[in-house]
Structures are given as C-alpha cells and as structure tokens.
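The values are calculated or read from the model by the stated rules, or taken from the named source; none is laboratory data. Being a predicted model, the structure only gives us computed values, none of them experimental. Don't worry about glycine lacking a Cβ; one is built from the backbone with ideal geometry, like all the others, and counts go over all protein chains shown. Just so you know, the surface numbers come from the protein's heavy atoms only, side chains and all, with ligands and any DNA or RNA stripped out. Shrake-Rupley method; radii C 1.70, N 1.55, O 1.52, S 1.80 Å.
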Amino acid sequence: MSLPFYQRLHQHYDSSYRNKDLRTTMSHYQQEKKSSAIYTHGSTAYSSRSSAAHRQESEAFSQASAASYQQQASRATASTHASAASRKTASAYDYGYSHGLTDSSLMLEDYSSKLSPQPKRAKKSLLSGEEKENLPSDYMVPIFSGRQVHVSGITDTEEERIKEAAAYIAQRNLLASEEGITASKQSTASRQSTASKQSAVSKQSAVSKHSTASKESVVSKHSAVSKRSTASQESTSSLHQEEAFEKKSRKVAIREKAERLSLTKTLEETEAFHRKLNEDHLLHAPEFVIKPRSHTVWEKENVKLHCSVSGWPEPRVTWYKNQVPINVHANPGKYIIESRYGMHTLEINACNFEDTAQYRASAMNVKGELSAYASVVVKRYKGEFDETRFHAGVSTLPLSFAVTPYGYASKFEIHFDDKFDVSFGREGETMSLGCRVVITPEIKHFQPEIQWYRNGAPVSPSKWVQTHWSGDRATLTFSHLNKEDEGLYTIRVRMGEYYEQYSAYVFVRDADAEIEGAPAAPLDVMCLDANKDYIIISWKQPAVDGGSPILGYFIDKCEVGTDSWSQCNDTPVKFARFPVTGLIEGRSYIFRVRAVNKTGIGLPSRVSEPVAALDPAEKARLKSRPSAPWTGQIIVTEEEPSEGIVPGPPTDLSVTEATRSYVVLSWKPPGQRGHEGILYFVEKCDAETENWQRVNTELPVKSPRFALFDLAEGKSYRFRVRCSNSAGVGEPSEATEVTVVGDKLDIPKAPGKIIPSRNTDTSVVVSWEESKDAKELVGYYIESSVVGSGKWEPCNNNPVKGPRFTCHGLATGQSYIFRVRAVNAAGLSEYSQDSEAIEVKAAIAAPSPPYDITCLESCRDSMVLGWKQPDKSGGAEITGYYVNYREVIDGVPGRWREANIKAVSDEAYKISNLKENMVYQFQVAAMNIAGLGVPSAVSACFKCEEWTIAVPGPPHSVKCSEVRKTSLVLQWRPPIHSGRTPVTGYFVDLKEASAKDDQWRGLNEAAIKNTYLRVQGLKEGASYVFRVRAINQAGVGKPSDLAGPVVAETRPGTKEVVVNVDDDGVISLNFECDQMTPNSQFNWSKDYVSTEGSSRLDVESKGNKTKMTFKDLGTEDIGIYSCDVTDTDGIASSYLIDEDELKRLLALSQEHKFPIVPVKSELAVEILEKGQVRFWMQAEKLSANTKVTYIFNDKEIFEGPKYKMHVDRNTGIIEMFMEKLQDEDEGTYTFQLQDGKAVGHSTLVLIGDVYKKLQKEAEFQRQEWIRKQGPHFAEYLSWEVTGECNVLLKCKVANIKKETHIVWYKDEREISVDEKHDFKDGICTLLITEFSKKDAGIYEVILKDDRGKDKSRLKLVDEAFKELMTEVCKTIALSATDLKIQSTAEGIRLYSFVTYYLDDLKVNWSHNGTAIKYTDRVKSGVTGEQIWLQINEPTPNDKGKYVMELFDGKTGHQKTVDLSGQAYDEAFAEFQRLKQAAIAEKNRARVLGGLPDVVTIQEGKALNLTCIVWGDPTPEVSWLKNEKPLVTDDHCSVKFEAGKTAYFTISGRRRQGRPLSSPRKATRSPSDGRPLRVCAGAAALSCLELLVCKWLE
C-alpha cells in the first residue's frame, strides 16, 4: 500500500524539495502502476491470449472507466465513489502482487532516458470541471507515490532517500536485463525488427511485429519473447532449444520468487519501522465538529442525536445514557446507532418518560478521549393523548399546549457541599478539586450540566487536566501541576435555566531548582504565528529569578513523535517572543523555554501544544477538508502543471514586528503567478544606500512571511521581496519604510500606591495603581515579606491582570509588607514601593441573616418566635438579635415595627401587645461588634390567636453535629408550648433530601426523653433532613422546622476525642482541632449539657488542643462526653463512657499504676542442630536493672554444666540451653522478670507426650548431625525430564572429598557409569536417554569414604513410573514441530518432528474436527523422529484443517495445519509434477548394462560390444565417435535388435583410426610393444537420444 496522504504531505510537500530526475522517474512509474494495476488480477488469463486481443480489451476498459468516472464525478457523492474505485483498483493490484502474478509492465525502465527537455505541461485531472471550480486553485499536493516495494527505506535525509530510490530502480533494470525483458511506456508504437532482433510486448502499447519465415516464437507464462532462429536449423535442434528454454524459465521463476520474498520481507520491516517512527507525527485527539443538540419531545415520539467528530486515527464513538453505555441488543428496536461518512447518529424510538436523561457521545482514539453532552426531556401530556397527532416524530399539538423545557419543577435549588478551598500545590504534583452537588428537587435520569472555568475561561479536558462527574460529585484533577494551572477556578452547575457557581483560587509554587540560585521555569509557552519557514514562540517571564537578574531565555524544539530536544538559539534572548527557523515543512513541533542567569539554567517550561510548520491557509484547507484520502477529493499533481510564467512583485510588504534580535516581514503573494508554486527572496539595504543584498541566498522562502536575524542593533534598514519559480525571478516589491533595529516595546513602569487590607486569618487583599502607559501588559507579580525578615516570597506564579489580588497562605498573626511589579514581553518592571505593614487577621463583618423563622407559641396578645442562627458570624461572636414585625390586612402588609429595643441573646423571643386574630409577618437581624447584619427573609404569615390544642408545640433550634459518613448527632430544644400536660418525650423522623413528603420514617419507636439522639446507619454520601415531634398525654404535636439538608460524610482532617491514661494512671479525654479561628473556643459537655463548674472534671485548653481530666472516675461519670469548637463549620466530637468502657479504663489505670514487664514472645522451646535444646522468650524492653530468675518444677536453677543462660538486653531475648534432654528433665519451666516495680513471667509445661515428642526430635537432630559429619546427601534423589526428552536422576551431596565414591544401583544391581563424578558443583546425576518401560525400577545411590556412608533411594515403579512417563511424553509432545506439508509422487504428506518417539505417546489425526479413518489411501505412521500422515492420490475432499493430537496420558497437545486454498493448490500442483516426473523417470530411455568399463585388445583383433537399453516408447540408438555421429563401414558396424539389444563391432584396428573420444594421450605405433586400451562407458540419455562415448588410450 502506498503512503497515506498525510505522510506524503508531511515528508514531500514541496516539489522543489525533491530531486528533479527522481521526481520525473517516479511520475513515470506512477503512471505505469496505475495502468498495470488494472490487469494484474487477470494476468493469468491474459497470458493465454494474443497481445492484440488484450490490447483491444485494455482500450475498451480504459474508455469505459473514464466515461464511468466522469459521470460519477458530476454527482454530489463523487468523492465517495471515486474513493471506492481507487480502493478497488489498489486492492486488485495488491492481490495480484501478493499472489505472485507478474507482468512485463511491472518492470521499470531506465529513467535516465525519459527526461524530457520540453516544457512542463499541465496533466489531466481526474475531477470534472464543476469539481475543479469548488476547489482552491492553489491547492496542489505533490505526491511521492509507489507500490509496496517503493516505500522509502529507513533514511534520515532527502539525499539518502534519493539514492535509495535510484538504487532500487537500477536493481529492477538489472533484473529486467537478465531475463531479456524490456518494459516500455510509449502510448503508440510500430517497430520493425530483423531475424536477429528481439521482440518485446508491453502492457500499455500496441506493437506490430514482423519476423522472417524461419523465426519461431515461443510465448512464456508472463511475456511474449521471440527467440533467435536460423533457416538451417533442423527439427531436432528446435526440440533442444525448447528443452533448454524450459530449464531456463524454471530457474528464472525460482529466482524471481526468492527475490520477491526477500523484497517483501524488507518492505514489511521498513513499513513496520516507519509506523513506529512516525505514528505520532500528525496524530491528533478527537474533536467534535458538530456536537449533539439537546431535545425536548413528547411521549411516543422518535428523536435523533447527531454529532460529527474529527481526529486521526479515526475516533471510535460510544454513546452513553446517564454515564452507562447504551446496549442496542438489550432493547432491540429501542436504539439505533449508526456511523456513516463521519456522521454519528443515535436514534431513540418511541420515547417514554424513562428516556429523560443526559446522553453522552464519547470519541476516543490513541491520542485521547473527548465527550459531548446532550439532554433529552420527554414531556408527558396530562390530557387525552391522541396518537394521530404525532407523525414521524413531528407534533401537531396546538401552540398553547406547552411546558417549560425542564417542566418538572418551576425552580431548582443547587447547593454545594464539601467544597474545595484555596489550594496550594507544587509543579509536578497532582491535585484534585471537587465538591458535592445537591439539587432539589431531583429529577430521575437527568443530570445537570457541569462546567469548570479558570479565570473565567472554560477548562477543557486534556492530558494535563481531567474532569469527572459521578452523579453527585464533580471533580477536576490535575495529573501534573504546572504554573499555567494557577488561577481562580469556578465550578458552574446549570440545571435548566438555573445555575449556581462556586470559586476558589489555586496556587502553584515553583519546583525545586536543580541548580541552587537558578531561575524558575517560564510559563504559557505558545505559538503566535506559524508558516513554512518559521514559528514565532511567546512565553511569560517567571516570578522567581533565583536571586540574580535573568540574562535571557533559551528556546528548545522537539519534533512530534520523537524525544530529541534541540536548542534553537545560541545566545539568550531577553524579549519574550522569538521566531524559530530551520524547521522542516509539514512536520509538527513542540517547544519549551528555559531561563538563564549568572548561576545557571533553570528548569524548562511546560511544553507547548503541537504546531505544524505550515501556512495558515494550508492549515485551514487541511482542517476544512477530510484528513484521510478516502473521505474526500484531493488534487494530485506530480509536477508543476503550468507553463513557465515569471511571477509579478509581491504587494503590501510591511514590518510586522521589530526587536533588537530580529525583524519580521509580511507581504501578499503577487496576482500574476501562474498555477505553480512560487518562492520568495528577501533583500535588504542600508537606509542611506541602494546597495541591495539578498538575505536568503541558500534557501528560498516558501511563505509570505519571513524573520530576519543578524541585523545590527540601532541601524536603519529597508527591505524588499522578489518572487521566483521555474520560469525565473520576478521584479522586486516596493521597499518598506526605514526600520530601526531595536525593541519597539518598552518595559512597563512600576505600579504605585500598594494598599493591603484584611481579608481572612490567612489572606490579605492587595490593591495598587496600574502601570501608566504600559503596552501589551501581561499582568502583575505580587511578593510578600514578613516584617523584619528581609526575605521576599512570590504570592502568585502566574501574572494576574487588574489592580487587585488576594494573597493566600499567610501566617495568622504575622505582619507582612507587599510589593508589585508589572510584566510584558519586553521584561519585568522595577518593584513598586513597599506597602505598609499589616497584621494577618480575619476582617470582622456583620453576621449573615438568621433563617427559618417559625411560631413556637401563640396567645391572644402575644407570640413566641424561634429561628436559626446565621451561617456566618462575621468573624466575631453574635451578641444578640433584633425582631421586627408588621401587620398584614387582606394580604396587604403594613409598615415594620421594632419588637425589642434591647438585643435578645437566645434564638427565641416572645412578642407581646399584639392584636388578637391579627395576621403578622416577622424579620430577625443578628448583631456582633461589627454592627447589625442584614435582616432575614420575611417570614410566613402567622395569626395571633390563643392556641387551645392539647398537644405540645414544635421543638426548636434543631441542629446536627458530629457528622460522620454513617452517623450524626441531632440536638434540639423543648417546645415553648407544652400543651395541656408536660412533654413526656420526643420522636425523630428523617428522610433523604430529595425524597417526597410521604417518605418520612421514624428513628425511634418509643419516645425518648433526651433532647439529643445519635442517628446511626446513614448511607455515606446521601443527603438527609430531620424533624422532631414532641409528645404529651394528649398526643404528638407539630413537627419542628427541618434540620438540614446535611450530607453523611466524614470530612478530610476530621479528628475524634481520644482517651488517654498516663503513667500515673490518670484518665483524660483529649481533642485537637486544626481549623480553629482566633475567636474559636472549646466547649465540653456531658450528655450535651455543659460541664462548666463540675467538681469531678478539670479542663485545660492550650492552642488548638484541649484536655478534660477525670479526678476520680466512677459510675457517676458514665455518659457521653462531647467537645464543640465555636466559630467553625460545626466541628465536634464525642466519646461514650459506658459500663464496659469504665471497667476497661479502670483496669488500664491500674496497669499503669502497677506496671508489668510487657512480653513480646512467650516462653518457647526449639531444637538446635546438634540436638541441643533452647528455651527462650522475648520481652518488649529490658533495662540494665532487669533481673531474670530461672525456675524448674518450682525450684530455681542456676548456670552450670547442664544449664547455660544468656540475656540480651538490646533485643529483650532471654535464653537457656541444655545439651541433652533426659527423662528427669520432664516438668514445668518458668522465667521470672523484674524491672524496677514492673514484673513479668512466662511458663512452659513439658510433660507427657509433648515432652516425649520433643525428646525424640532432639535425638533425631543429634543423629542427623552425626550423619552429616561424613559424606551425606543434602538433597535426596529426584528426577527431572530434560529439554531433550531424557530423564535425569540427580541428588545434591555435601561434605565430600576426593576419596569419596559414589555408586549407582538399579534393582540392587550396580550401574556402570562412564564418567567419573568430580563433585565440583555438589550435584550427582545419572542420565537415562530414550527412557522407556525397560528403565522402570528402584534406583539407589550410595556415598562412602573412610568417614562413613549415606544412601538415597528412588522408586520408579507403578504410579511413580506412570507419572514420570507422563512427563516424558509431555516433553516429547511439546518438542513437536509445526505441521509441514510435503508433496510426494504418491500424494501429500503432513509431518512433524519430535525429539524421539515412544509408543506411550498416542497420536491421533483429525480432519475438519472428525477423526480420520485410516485406509490404504490415507495412512499414518512414524519414521524415526518423524510423525506423518500420508494422503495418496489427494482429491478436493481432502481439503480442510488437519489436527495432530499428541496425548501424553493426561493432556492432549495439538498441532494444526490448513490444507486448503493456496496451500492445497500448491501442494497438489507439486504432487502432479512429481507424479509425472516419476512416470517419466520410470519410462526414460537408458542403458541397463552390458558395456564393460575397460577393454584391452591387440592390434588387428576384433571387438564386439553389446549393451541392453530400455525405454517407453522404444528409444533410438545413436553411436558417436569423437562427439560426431559414427559412420559405419566394413571395419565398424552397429546393430539394434528387438528394441532392446545394441551391438557395436570392430573387425580389426586400422592404422589411421583415431580415438572414439577426446584422447588423453597420444596414440602409439605398434612398434612400441604396448597393447592398446579401449575405455568404454555409457553417457547420460535424453528422452529421445542415446549417447555412447568411448575413450581409446
């Protein structure tokens, strides 16, 4: 297959970039390939026809194809049909090539003779005129095309690619010349030839052949070849030539096949290398061109979601419903998913209410994944539904019948729980931002739209950042933090027309520098401009310079798909923009920047996004058009298609950017340019002269923009541009205005008036006056310093815009000063003046409004109100509340009045002097030292009337605390109105926040008297609401206001109350809080009643820690102890002391008062190597004063000959050793420890069977030690099967010497071993080759020397032998080679080789899954190590899959071969050939015998030679003398009788006679006295001739 379009564009985009000769040759080859591909598939049939008939068919086919293509090209779907035709043609060509079909047109002629001096002409396009008008006229893509064998090799430079292609052409020409075949490309030719000339047949030409009458033509399998002949040649010579030609053709065919296989292998390896090398060059992640659109439909309608995705490789699109993949097979007919021509469709049939959901289209390829979302809302018509009003998904209901797109609720409430706070990270780390989203009411199967923003810009998923939505929690994850990620992050949750958002800042600190004092990494590296000749890179300067000014920046580039970085500039550049040149057109690059100061070079920045070295116009065309050649139309030109036209001058030349390092020019291409591409030459001159110099003499500019370097700073220049093409160089453009080389952008001035102000206890708001007259301002860097330290730290690492910034991460209570400086591309400004010092402390603000105002009691002229305290206290304690009320008459509210002049401290208040039966509304405002807060929302209307109900009123001040993932504590206050009788208890109800009102469930069946309840069994992550009802003798009263919603979860950093018992046995409860504010306090309570003033407890708090100590813990202290932290987000924890816990704590206190020595390991016993007995134990810790007492049967024992004691105080191990266990040592052993006032002991009982077993083990170990004093076996005898299918008996020996002997036995008979063991590796082996049943038995090996002996036995009988044989057979089966196919004269043989064969190895053959029944025609057998299946006289029924199964006794091992298709055809053809050859060999004429080797006769004597010949048909016999036919006469005669016997008779020797064959020595005269020797023998026989040669010596 040829190179894909995008790689051809990438590697060979510009025609001037290739060698001209090679381009012309490859163009010829492309044309030849296009024509040859049509006929390759049918080359077999072609070979049997005449060339004239084939030429007529070719012309007819070409005309039909051209007409068909023109008709298709005029249609709207032309590109699709043309692509399909191209694929079919290429497939036909590839099929012919892969099946070995060759043709003369596949050979390539010498390209040197095809270079034409004529001007280039426009070549015909395959597109119609209408399609050409729709394409850009200047979009010409030169293609480097070729067959598979012409894919470029592994080369790095264009010169190497040219040499490689030329070498391949030379190789093909060499092959063509060897075979006597010439390929021609001429369109029409008529050639005359003589009798001595050669006639060649071409696929593409019509050739008239003329030859003489004596000329004979032989047509080969693939080409028509005329062989030289003469008029005098006889018929027998013709037969000789035909035989020689057949032999030569077979030889050539074999050579061609071998070369083709070699070239195919090289091609595959080269293609595989290029795939690995270039797979990432132009790959890009999926991108939605058209996103799916949300729909609102009626029930029973159909809806379609469409999307279009681009990307390479082509992305795979998967559809999801509420994050669950859609399975079209689970609901047949419900969903239809289609993907056609890049358009992906999801159709939902007969929508119902359950189809209301969020649908996601996920596009994925190797570069990443991208999703697009759409919502489908199915509306339900509440009236009578008329199905006839819905036709093909179109509603015909009246316009008045409509609901809102999100018709389930008039308003959505969106809350954020577990919100992410201001976060700090470091470059290279990972970070995750997330929060839980609670939406009420909740709509089933419908998800909100989640969008993340950074500094107001949407955040898209990439390799740096990923988003996730789990259904109730949104997460933003950074896989590798960079300073570019710093900013204000906002999550916006949209539900229909309603949305809520939450924001927090993320700070990213610099990574640690590799070189101390080196500057930090730059950031925001991006491409400002890109074309064929350069790419302008910009970046932002870092905030940290490492302590010394930054001298400049180095820019590095890396080609996409490689890991090789190269530096673009030799000297550092100070300006934060730089044009990178020296790029290869069409290739993609990534960039990074490093800062440098006098200390060294800092870390590199984050790499930029990939950018291609292409003009923006080319990028737009590539983006607007399909990225693969089969999805659209592309104009392909191999050479410039127009005649030479000198281009005109460029226009609108201007200087777009000028710095001290470079100048960028820009212009427009000329109007007069022809149709071929143009290049540009840039010229410069000093402003005061007209001496123009060409800047780019070596490499012309390809784009209408150019960057000039190496200009003298401060000097004035003018510039102009010329165009050029193959016709010549055009006139120059108008010169630019005088340009002075230098930075046109000034460094901004320092900001002024730095004013800090308090924000929170860890942050300060800094504001300033912006820099005046600042151009291209990037932003500001803010730094802070602790007063008096002299050390400045950056507050932000990403420049911020605007005159205000909040500096986070400051130490509470510290005093700081701040400074600011501005930054643009020219550099960083001077620092501003230092601000005034400010102490980091939370700013005090008025509290937020109270909420949930309710009426707790009502009388004739008074009402008691209750409310919930504000969520935010404003940084100070709430000092009181003010209540306002107003009358409501007939729904019209009056003016507000104050209910209290003095603030009330409780969350309830009784308002007196009200009018009976009057309706009132209320407001409540909270107050702290900062002032009065905003009043609450207006309450509901309450009527002032006497409550005569007997049941109690609602409890109030219901709140949740100690929230964990499965539990929380609910607290409340008793109702103000108790009813007619006192309150006797409470009932607590709960439900999920999204549940309906009929789903309340009670938590307690019986009323509880406490005003608190620990709620257990909550579902983690679920949101709940609670209510409380009071009960008296009259019944259950109204429920309280709802508490919540609250999410059941344990927040990060949550800590619990911890109980502690110190060394003196004092019991205390301890709590620590890391989230305290300066105004926070610890409040301890027992059973949720304050313990302040308790005589049984002492409380001590310091910093963020508090401790409550029990003076004398007893039963009266049983209860729940809780600690609340004020001015926090509900931080609290509790600890339950019940009866069991009380006992545990008292016991623990007792242990601490009266400690024991902790024991890590109790007393144990073990047997050592020589049979010694070791008693040991281990204590946790032993001091130097520890004393150990050893006791046996209640008597202390001491160290002596029998007992050895040892104490290791470092490890705490205590040991006692005994040499031998005797009967009197049975009993109880105890180790007693004493360390100060701490004591401890451990006891071990050794009596009865336990002691006897220990004593026996000790004696065994003692004997083993004695055995090991001489030669012995470290590992006893075992077996293994080697890879050669032999059995190896082996054992490992130890403690041996030279005199040690080893003897092997089988069945008590010594085995003689050829080799003597050297024992170097300690392994003794006995190898049994070709193991079989005769080798079964009992094997024994004995080691012996003067120190003793040892033996080891191995039984290989019965089951053990079967197990070994199974393993041997398994190894043999695994050694079997793959099945091969061999053709013989009798038929086809399938065979496999094994290491060796055993009868225990069962062999089974099957054909197409059916066991083979063996007959005289199909046989199976084993010959040596070959296992074969012979199929005699094969038929088509023998085609199929053959399986050879080798069964080792447990497992079957299979080898498979497919005898069908080409494999069967080739095997059957070879069988036929061998069969015919065997028959020919059987019937071949030959001499069977009769002629002697040497005959010696005397001169004048007669000689009679007789030989027997055989052949079918009867052969002709010829006698030769000296390689010439023998002429018979009276002296020499020949005779052939009965077709079997040939006679040769010499009547007597004549003096003039000569040897019958070439003489080895000169013939002597009779006077020499030596006899004459005649050597006779039979030469080889052809099918028609018998040659007999004789030598006379």
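Stretch E1196-K1237 to full length: gain in nm at 0.36 nm per residue minus the Cα-Cα span?
12.6 nm
How high is the relative contact order of the stretch 1133-1272, in percent, counting Cα pairs under 8 Å that sit 6 or more residues apart?
28
In nm, to one decimal, how far is the modelled label at S1518 from the one at D710, with both set 7 Å along Cα→Cβ?
8.2
Considering only protein heavy atoms, what is the solvent-accessible area of V1418 at a probe of 1.4 Å, reported in Å² to the nearest 10?
20
Using the beta-carbon distance between I929 and K1055 and R0 = 35 Å, what value does 1/(1 + (r/R0)^6) give for FRET efficiency, to the nearest 0.05?
It comes out at approximately 0.70.
What number comes out for the charge environment of A1184, summing +1 per Lys or Arg and -1 per Asp or Glu over other residues with Cβ under 14 Å away?
+1
Below 8 Å between Cα atoms, with a sequence gap of 6+, how large is the relative contact order for the stretch 940-998 in percent?
Reported as a whole number, the value is 32 percent.
For the stretch 1086-1102, take each phi angle, set θ = phi - 60°, evaluate the Karplus expression 6.51 cos²θ - 1.76 cosθ + 1.60, and give the result in whole Hz per residue in order, putting x for glycine and proline.
10, 6, 6, 10, 4, 9, 4, x, 6, 7, 9, 10, 10, 10, 9, 10, 8
Which of the peptides 1086-1095, 918-927, 1262-1271 is most tightly packed, and how do the rest follow, judged by the mean count of other Cβ atoms within 10 Å per residue?
918-927, 1262-1271, 1086-1095
Bins of 5 Å, beginning at zero and ending with the bin holding the largest distance: percent of Cα pairs per bin for the stretch 1120-1271, please.
2, 8, 13, 15, 13, 10, 9, 7, 6, 5, 4, 3, 3, 2, 1, 0, 0
Please give the solvent-accessible surface of Y499 in Å², to the nearest 10, using a probe radius of 1.4 Å with every protein chain present.
Estimated to the nearest 10 Å², Y499 gives 100 Å².
With each label point set 7 Å from Cα along the Cα-Cβ vector, what nm distance links W464 and R660?
Label at W464, label at R660, 3.0 nm between them.
Quick check on packing: order 1208-1219, 358-369 by the mean number of other C-beta atoms within 10 Å, highest mean leading.
Output ranking for 1208-1219, 358-369: 358-369, 1208-1219.
Given an 8 Å cut-off on Cα distances and at least 6 residues of separation, report the relative contact order of the stretch 924-1022 as a percent.
In percent, rounded to a whole number, it is 25.
Please find the FRET efficiency linking L1474 to E1537, where r is the Cβ-Cβ separation and R0 is fixed at 60 Å, and quote it to the nearest 0.05.
Efficiency, rounded to the nearest 0.05: 0.95.
Within the stretch 1277-1296, whose backbone N sits under 19 Å from a point 7 Å along Cα→Cβ of V1357?
Residues 1277-1279 fall inside that zone.
State, to one decimal in nm, how far the label point of D1345 lies from the label point of R250, with both points 7 Å from Cα in the Cβ direction.
7.0
Using a Förster distance of 25 Å, how high is the FRET efficiency between E1259 and E1162, based on the Cβ-Cβ distance and rounded to 0.05?
0.45
For a protection proxy built on the mean count of beta-carbon atoms within 10 angstrom, sort 781-793, 545-557 highest first, please.
545-557, 781-793
Taking 0.36 nm per residue of sequence separation and subtracting the Cα-Cα distance, how much length would be gained by fully extending the chain between D1321 and V1066, in nm to one decimal?
85.1 nm
Can you compute 3J(HN,Hα) from phi for each residue in the stretch 1194-1207, using the Karplus curve 6.51 cos²θ - 1.76 cosθ + 1.60 with θ = phi - 60°, rounded to whole Hz and x for Gly and Pro?
Values, residue by residue: 6, 10, 6, 10, 10, 5, x, x, 8, 10, 10, 10, 7, 10 Hz.
Using 11 Å as the cut-off for backbone N distance, which residues of the stretch 1026-1041 belong to the label zone defined by a point 7 Å from the Cα of A1007 along Cα→Cβ?
Once the point is set 7 Å along Cα→Cβ of A1007, 1029-1037 turn out to lie under 11 Å by backbone N, inside the stretch 1026-1041.
Please state the charge dipole magnitude for the stretch 1035-1171, taken about the Cα centre, from unit charges on C-beta atoms (+1 on K and R, -1 on D and E), reported in debye and rounded to the nearest 20.
100
Are there chymotrypsin sites (Phe, Trp or Tyr not before Pro) in the stretch 1131-1208 that DSSP marks as loop and that have at most 13 other Cβ atoms within 10 Å, and which are they?
Those satisfying the criteria are F1198.
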